[in-house]
Amino acid sequence: MVLSIWERIKGFLFRPSETFDASKEDTIGDAFKYFVVLLAIYAVLFSIMVLVAFSAMSWMVEPWAAMMGLTAGPLLAVAMFVLSLISGIIAVFIMGLWMHIWVYIVGGRKGVKQTIKALMYGATPSYLLGWIPFIGIIAGIWALIVEIIGIRQLHELSTGKAVLAFILAIIIPAIIAAIVTFAALITMPKLRTGLGPGFGGF
């Protein structure tokens with residue numbers, strides 16, 4: 001059964017398990033088209049938010065700043081739109097490849113395309129509502145849950161294994177970042193000592 005974009009949106013928001021089951025035979029191209037539409041909606045709404053906020057701040061500062069804002073604001077909004085589109089597309093593929101490593105480790109054998117599809121479809125709550133201040137946080141958590149359900153359904157895993165794959169994908173980079181930060185904090189005082197008291201004002 002081929003679902004329309006609106007049926008997919010309602011399904012991934014409120015009936016994710018059934019909707020992912022109905023999307024198992026979707027190609028990566030089908031998922032990508034859906035993803036780009038949602039990403040474009042998010043980019044437009046987010047850019048408008050940036051424009052409104054920038055204009056409001058300009059008027060609060062000085063009249064001359066407000067006049068500059070009339071020119072700079074639209075340019076900033078366009079830049080944010082383009083940046084959101086490009087970064088969103090790049091990120092979903094990089095995250096999909098990274099996530100698939102851990103999905104495979106916990107037993108997912110349906111292929112990397114299914115993992116990427118889970119992330120593309122699972123982003124529905126975040127891209128529809130993520131542009132709204134504060135509500136965006138809830139939407140992000142909602143999207144994470146939908147993505148976990150997507151991994152479970154598309155790879156035919158248990159909920160526990162799907163959750164474990166996400167935990168590993170998140171915690172491993174966090175541990176690496178913590179180690180690098182800790183090593184940097186230890187190394188910097190030694191570097192300053194070795195460079196002598198005249199370097200950098202020390």
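How far apart, in nm, are two points set 7 Å out from the Cα along the Cα-to-Cβ line at Leu83 and at Phe14?
Modelled inter-label distance: 3.6 nm.
Would you kindly state how much longer the chain becomes between Lys24 and Ala178 on full extension, computed as 0.36 nm times their sequence separation minus their alpha carbon distance, in nm to one decimal?
Gain on stretching Lys24 to Ala178: 51.7 nm.
Provide Val92, Val103 in ascending order of the number of other Cβ atoms located within 10 Å of each residue's Cβ, fewest first.
Arranged by neighbour count, lowest to highest, Val92, Val103 become Val92, Val103.
Quote to one decimal, in nm, the extra length available between Phe134 and Val163 on full extension: 0.36 nm per residue of separation minus the C-alpha distance between them.
On the way: separation 29, 0.36 × 29 = 10.44 nm, distance 2.48 nm.
Stretched out fully, the Phe134 to Val163 stretch lengthens by 8.0 nm.
Based on the Cβ-Cβ distance of Leu97 and Ala53, what FRET efficiency does E = 1/(1 + (r/R0)^6) give at R0 = 41 Å, to the nearest 0.05?
It comes out at approximately 0.75.
Would you mind ranking Met95, Met80 so that the residue whose beta carbon has the fewest other beta carbons within 10 Å leads the list? Could the numbers behind the result be given before it?
Values: Met95 16, Met80 19.
Fewest-to-most ranking of Met95, Met80: Met95, Met80.
Could you let me know the centre-to-centre spacing of segment 15-35 and segment 114-132, using Cα atoms, in angstrom?
11 Å
Bear in mind that the values in this text are calculations on the coordinates, not laboratory data. Everything numeric in this text was worked out from a predicted model, so none of it was measured. Cβ coordinates were reconstructed from backbone atoms using ideal geometry, including for glycine residues, and neighbour counts include every protein chain displayed.
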